[in-house]
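Engineer: What follows is a structure written as structure tokens; I'll ask about it next.
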Amino acid sequence: MRSLLFFGFLAIYTWALVSYIGDCEIVIVQDCLQKEQQVERNDSAFLIGKHNAHLQLSKDFRVYEFLSKDPEAPEVYPISRELVTAVQFLRDYFDTPIAVNSVWRSHEHNQKVKGAKNSDHLTGFAGDYSFPVKPEIIALIDLEVKLQGKLFQRLLQLGVTSFGIYKGHLHIGTAKRAGAYQYDSFEYNYWSKRNSLSKGKIAC
Ligand SMILES: [Zn+2]
């Protein structure tokens, strides 16, 4: 009887111990994963660079896709979090791959590519994208912007404040300047090199 009790107690103790260790291991692994996978960020931007190029920024995009092609780029620079959200939204909405052509630029690099002097690329708050499998999507977005359609409004809700429609790519920006860009007031910046409705000659 005593040995039965002893083995019974031992069995319960062993089970409890294994369960406890098991829980710890799971917690530790999850903690490690979270730390491992997290891209450092502040309120409005992810801080990216070659050091975290392999990390996931959103469901379909990794940091390396957003890295500057400028060989003189600093080790770390910001890219707008809303910009990543918006491009992931477009990725899901059209269910097609999106190529990220240019996001953050240094002043020197911006001059070389003839970007606007106050380009939102300088702060990492603008991105140029193309749709390699379905390039016609750019014309669709162009129409959406002109008609202020549902897709356009959804993008504004996500924080997009400027659109640029170009022959081979789409420029979207998420910079907020002195209250000029607000979803409710539908004030936004839009320019195009594809049609006569161009609102200026601003280079992206
Ligand atoms: Zn641009």
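Engineer: Among 65-78, 116-129, what's the highest-first ranking by average C-beta atoms within 10 angstrom per residue?
Structural biologist: 116-129, 65-78
Engineer: Mind giving me the nanometre distance, one decimal, between the label points for A99 and H54, set 7 Å out from Cα along Cα→Cβ?
Structural biologist: 2.6
Engineer: Quick check: pseudo-label points 7 Å beyond the Cα along Cα→Cβ at L140 and V113, how many nm apart are they?
Structural biologist: Placing both labels 7 Å beyond Cα along the Cβ direction yields 2.5 nm.
Values in this text are rule-based calculations from the coordinates and carry no lab data. Bear in mind the structure is a predicted one, so any value in this text is a computation, not a measurement. Note: ideal-geometry Cβ built from the backbone for every residue, glycine included; neighbour counts use all protein chains shown.
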